[in-house]
1. Defining a contact as two alpha carbons under 8 Å apart and six or more residues distant in sequence, what relative contact order in percent does region 152-230 show?
2. Can you tell me the order of 13-26, 48-61 when each peptide is scored by its average per-residue count of other Cβ atoms within 10 angstrom, highest first?
3. Each label point is 7 Å from the Cα along the Cα-to-Cβ direction; what then is the distance between the points at ASP217 and ASP68, in nm?
4. Between LYS244 and GLN76, what FRET efficiency comes out of the Förster formula 1/(1 + (r/R0)^6) with R0 = 45 Å and r the beta carbon distance, rounded to 0.05?
5. With every protein chain kept in the model, how would you rank MET161, MET209, MET75, MET80 by accessible area, 1.4 Å probe, largest at the top?
6. Using the Karplus curve 6.51 cos²θ - 1.76 cosθ + 1.60 with θ = phi - 60°, work out ³J(HN,Hα) for each residue of region 32-47 in order, rounded to whole Hz, and write x for Gly and Pro.
7. What are the principal axis extents of the Cα atoms in region 207-249, in Å, biggest first?
8. Taking 32 Å as the cut-off for C-alpha to C-alpha distance, list the pairs among LYS166/LYS244; LYS156/LYS244; LYS19/LYS65; LYS141/LYS195; LYS9/LYS141; LYS19/LYS166 that go past it.
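The values are calculated or read from the model by the stated rules, or taken from the named source; none is laboratory data. Not measured: the values here are computed from a predicted model. Every residue, glycine among them, receives a Cβ derived from its backbone with ideal geometry; neighbour counts consider all protein chains shown. To get the accessible areas, we keep the full protein, side chains included, count just its heavy atoms, and leave off ligands, DNA and RNA. Shrake-Rupley method; radii C 1.70, N 1.55, O 1.52, S 1.80 Å.
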Amino acid sequence: MSETLIETKNLTINFGGLKAVNNVGISVEKGLFTTIIGPNGAGKTTLFNLISGLLQPTEGTVYFKGTDITSLSPMQRVAMGIGRSFQLTNVFPNLTVHENVRLALQSREKTGYKIFTSYKKFPALEEEAATLLEQVLLDDKMNSLAASLNHGEQRKLELAMVLAMKPDVLLLDEPTAGMALEEVPAMFELLEKTKHQQQNTVLLIEHKMDLVTKLSDTVIVLVNGSVLTEGTAAEVSENPDVLKAYLGGGILNGSTA
């Protein structure tokens, strides 16, 4: 029997008179790759912000491994095992690539940043950081400042920092957003690798439908803040209500979500 890691019940948030997320109930099962798609403005990132704690709901509940975490802060949720990346990169630009990952590891190990302590005091973390950078194909940029990386490389660095926390579930918000077309295959390869490593549990928001169809075990369609349907990529692509929600139909053969 599969284990439910994340569950939302009747999740709702109002911004003035707008219900950006409206009575949403979803489940994210352990070891599966679940993708949320929907037209622009459907509420996808707002839902992620509710799950990760950046926003508090007007109504409803968020559960993690059966525990009500609705009132917990983002950092408390990270400590419990929820990792999160963002649409915009979230790295320390004036630190090296290696230092960014090592600081994430120090946070995981609760050693924190110690201004008078040499990095040489953490040899195991130094080695683990190097391994993670190799996994995300950034080992040749290890000593470069994060600010010097192109956008695609910064997305890879952010993924390494999220993986460094060893989360039970990864929330990835459009990891290919802003990437040049030639950079997307490398990120696709990384996401595919991430999916199969130790049966990672991933909750993804993504616009590129070829990536969605190839990686997703389950696809959830969000429209106007509510869940329209969910199922496999094939089931969703054949759903007439889903096709109506997208101009021109053919959602899973196109490139928008």
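1. Numbers: 59 pairs, mean separation 22.6, N = 79.
Normalised by residue count, the contact order of region 152-230 is 29 percent.
2. 48-61, 13-26
3. 2.8 nm
4. FRET efficiency, GLN76 to LYS244: 0.65.
5. Largest to smallest exposure gives the sequence MET75, MET80, MET161, MET209.
6. 9, 10, 10, 10, 9, 10, x, x, 4, x, 6, x, 5, 5, 4, 4
7. 24, 21, 18
8. LYS166/LYS244; LYS156/LYS244; LYS9/LYS141; LYS19/LYS166
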